[in-house]
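Notes to accompany the following structure.
Please treat every number below as a calculation from the coordinates, not as lab data. What you see is a predicted model, and the numbers here were worked out from it, not measured in a lab. So basically every Cβ, Gly included, is an ideal-geometry build from the backbone, and we count neighbours across all protein chains shown.
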C-alpha cells in the first residue's frame, strides 16, 4: 500500500516538477526577482543616501566665537560624512541673511558664557522640515556640540581642581557611575555579545518566514484550480492513482518551490539588511532551525491552500482567499520582528499559539536563545498541524466538487 | 448477455436543478454504445456518474461488475476516459505526456509496450512528440489525448465527444482506431451530438433529451421503429419536439 502511494507520488512529482521547471515566469518571480531586487534596493538606497547633499550655515553673531564655529564646522562635516551625508558648510557673519538646510546660530555672549566657570552658552539650531538628510546632519551637529561640551567641562574641572589644589580625574567626575553591560540566556547562563547579535539576525529570519508562505499558496492554487481551468484535471482524476498520491505529488512540488523561494528571499533579505545596516551574525543552530521552520511552514501553508483551492471556483478566488492566510502569517511575522513573542500575557500567547505560523516564528526565536527544548516543542506542534491539515485536505479533495464547481 | 456498464434509474440534481432523471442504460461487453443528444441533455453527467467522478442521488451503477463509487481505484486501471473539453499540459511534450500516463497505468503491463502503443495511436511524428503540447493544433491535441486514453488497452473506453471540432482527416483516424479496438473486444461508450457519427460507429444508440434516455436500440432498430431513413431523421422524429 505504502509502496503504491510512493510510486504514485513520484510519478506526479516528476510531472509537476517538469511542468514547473518550464514555468519561467513563476521561477523568475519567486526565485530570481527577490535575489536581484532586494540587494539592488539596498545598494540603490545606500547610493542615493550617500549622494544627498545638505547645506549647513554656521551664523556667528559673537565674533569671539569664531574659533569654536570653525571647529564645529569641521566636526559636523566629518560626522555627517560618516553617517553617509555630504554637507556643504559655510560660516557667515550674523548680519547676513543665509539660506541653508540646517542653520546653526552662535548668538552674542556665547564666548563669554562658554569660558566663564559657571556660564551656559547657547546655540540655536534650525532644521529644514521634512528632510531626512537634514535630520541626519542635525544628529551630527548635536554629537559635535556634545564633544565640544565635554572638552569645556574637562577644562572647567581642571580649573576648579587647580583652585582647590586637588588632583581629579575629569572622566570620573563627569561620569560617577560607569555602566558595564553583559548578556545572559533565558535559563540564566551567561551569553556572549555575539549571541545577542545572532538573536538580532534571528528577528530578520523570523520576518523572512513571511516570504515562505506566498509562493507555496500561488503554486498550490494553480496546481489544483489551475488544472481545472486548463481542463487537465478530469483526465488525471480517472487515472488509476489515489487522491493521496495526486495531492502528495503536488504538495511536495509546491514545498520545493516554496523552499527555493524561501532560500532566495532570505538570502536577499539578509543581503538587504547587511548592505543597509552592516554585519549580521548567524549561527548554525539558527540556520538549521530556520530551515526546518521554513519547511514546516511551507507544508502547513500548502495544506491550508489545498483545502481552500479545492473549494474555490477560480485560481484568482483561491489566491484571494489564501491571501487572508498570508495576512495572518504577515501579522505574526511582523510582530515577531518588533515583539518578544515569549513575553506576552498567557491569554494572548495561547490565542496566538492557535495559529501555526506563531510556532514557526518561535522555533527561530528559541534557536537564537539556544533553547533546544523550545525548538523541538514548537517543531512538534507544527508537525501535528501539518498532519491534521494534510489529512483534512486529502479528505476534502473531492472529484465532484472539483469538476462541478462553477 | 454480459454488460460492461449498467445503470438503473439513475437520477441527479445539481444545485436543485434536475440533470438526470431515472436514466437506465446497459452497455454490452465489446459493443460500441453511442449516447447521442443535444448539448445540455445530460450525456456528460451520465458519463461522470458511470465513472464515479460524480455521485448519483439515486439508482444503481455498475462498471465491470463493480459500483464505481465504491471500487473507484480498483477498476480505473481497466478504464480509459477522454473528457469532452480535456486539454494536455501545455508545457509538457507529447512524449512526456505519454510517459506520465504510462507510468500511472503500467501496473500489470510493460511500460514500454504502453508507450509504443500510445505513440502508434497518436499517429504523431517523433518531431511533434518531442514538441510541447501547447504548440499542437486542436487535432493533434485530441489525438494525443486519445492515445493517453487507449494506451493501456482498456476494457472499457469512455469518450466524451471524441470527434467534436476535428478536421476530416483527424476524425477519420479516430473512427478507424475506435472500430479497430472495438473489433478487438474493447467496450466503447461514446457521446456525440452528431447523428451521422452515431450511425457510423454505434452498435447501440441511446438518445438523450432533457436528462432522460428516451430511446435505445441499434441504429437500424431506431430507424425502423420511426420509419426514418437515417438516424438523424429518427432522432428528430423521436425528440425533435422536446428540444
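For segment A:179-221, report the % of Cα-Cα distances exceeding 14 Å.
Values: 581 of 903 pairs.
Here the long-distance tail beyond 14 Å is 64 percent of all Cα pairs in segment A:179-221.
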Exposure proxy order (Cβ contacts within 10 Å, fewest to most) of A:105, A:167: A:167, A:105
Rounded to whole Å, sorted largest first: equivalent-ellipsoid semi-axes of segment A:69-108, Cα gyration tensor: 20, 12, 7
Principal-axis tilt of helix A:356-368 within chain A, Cα atoms, nearest 10 degrees: 50 degrees
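Averaged over peptide A:239-248, how many Cβ atoms belonging to another chain are found within 10 Å of each residue's Cβ?
Values: counts 13, 13, 7, 3, 2, 0, 2, 1, 0, 0.
Counting Cβ atoms of other protein chains within 10 Å of each residue's Cβ and averaging gives 4.
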Debye log10 I(q)/I(0) for segment B:30-153, one point scatterer per Cα, at q = 0.20 Å⁻¹: -1.16
Distance in nm between pseudo-label sites at residue A:91 and residue B:84 (7 Å out along the Cβ direction from Cα): 9.1 nm
Cα-projected label distance for residue A:115 with residue A:71, points at 7 Å along beta-carbon direction, nm: 1.3 nm
Cβ-Cβ FRET estimate between residue B:220 and residue B:172, R0 fixed at 30 Å, reported to 0.05: 0.85
DSSP beta bridge pairing in the protein assembly as shown, given as percent antiparallel to the nearest 5: 45 percent
Stokes-Einstein translational diffusion, the protein assembly as shown - Kirkwood Rh over all Cα pairs, 0.692 mPa s, 37 °C, in µm²/s: 106 µm²/s
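If one computes P(r) from the Cα atoms of segment A:56-146, what percent of pairs lie at distances over 21 Å?
On the way: 1094 of 4095 pairs.
When every Cα pair of segment A:56-146 is considered, 27 percent fall beyond 21 Å.
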Peptide ranges A:382-389, A:159-166 listed from the most packed, as the mean C-beta count within 10 angstrom indicates: A:382-389, A:159-166
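Using a Förster radius of 30 Å, what is the FRET efficiency between residue A:343 and residue A:5 based on their Cβ-Cβ separation? Nearest 0.05, please. Before the final figure, lay out each step's value.
Working: r = 44 Å, r/R0 = 1.46.
FRET efficiency, residue A:343 to residue A:5: 0.10.
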Residue of B:70, B:214, B:27 that the Gaussian network model of chain B assigns the largest fluctuation, springs spanning Cα pairs under 10 Å: B:70
Cα coordinate range in chain B, projected on the principal axes (Å, largest first): 50, 40, 37
Size of segment B:121-243 as Cα extents on the principal axes (Å, biggest first): 51, 29, 25
Percent breakdown of C-alpha pair distances by 5 Å bin, ordered from the shortest bin, for segment A:195-318: 2, 11, 19, 18, 14, 11, 8, 7, 5, 3, 1, 0
Ascending count of other beta-carbon atoms within 10 Å, so fewest first, for A:307, B:5, A:328: A:328, A:307, B:5
Normalised alpha carbon radius of gyration of segment A:121-280 [divisor 2.2 N^0.38 Å]: 2.03
GNM result for chain B, Cα springs below 10 Å: residue of B:99, B:126, B:50 fluctuating most strongly: B:126
Choice from A:102, A:129, A:32 with maximal GNM fluctuation in chain A (Cα, 10 Å cutoff): A:129
With eigenvalues of the C-alpha gyration tensor scaled by 5 and rooted, segment A:245-366, Å: 26, 20, 14
Segment B:11-28-segment A:262-313 distance, computed between alpha-carbon centres (Å): 50 Å
Between helix A:315-338 and chain A: long-axis angle, C-alpha atoms, 0 to 90°, nearest 10: 40 degrees
